[in-house]
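Computed from the coordinates by the stated procedures, all read-outs in this text should not be read as laboratory data. The model shown is predicted, which means the values in this text are computed figures rather than measured ones. Neighbour counts run over all protein chains shown; Cβ positions are idealised from the backbone, glycine included.
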Amino acid sequence: MRVNTDNLWDKIWRDKHGNVVIWQTPNAFLIAWVVLTIISLFLNNTAANIFSWLGMLAIIIWAVLEMAKGVNYFRKALGGVVFILIVISIIHLA
């Protein structure tokens, strides 16, 4: 059954098939971010920094992909918020 997704409320929460999409199974970039971040917690100095930056790169890629190809406005906004928070974090670290 196809739901009419012409109104803004449906465009925020529903995909093109009419399914409400808030949470999706994590994709490779989210999994990479989690794994790399956890690994960086158990390392010291240079190795920890490398894994931390690789994790940050993975979450940036995830955020950009969500902004570009998110299934609804909520997912696109979520990618945008995460991207902005990461950029602020990078500026704060510099």
Each residue of region 52-62 in order: what ³J(HN,Hα) in whole Hz does its phi give by Karplus 6.51 cos²θ - 1.76 cosθ + 1.60, θ = phi - 60°, with x for Gly and Pro?
5, 5, 5, x, 5, 4, 4, 6, 5, 4, 4
Bin width 5 Å, origin at 0, all Cα-Cα pairs of region 3-94: what percent of pairs per bin?
3, 14, 19, 20, 15, 11, 8, 5, 3, 1, 0
In what sequence, highest mean first, do 70-81, 11-22, 42-53 appear when ranked by Cβ atoms within 10 angstrom?
70-81, 11-22, 42-53
Which ³J(HN,Hα) values in Hz, rounded to whole numbers, follow from the phi angles of region 65-81 under the Karplus curve 6.51 cos²θ - 1.76 cosθ + 1.60, where θ = phi - 60° and Gly and Pro get x?
5, 5, 4, 7, 10, x, 7, 8, 5, 4, 5, 5, 5, 4, x, x, 5
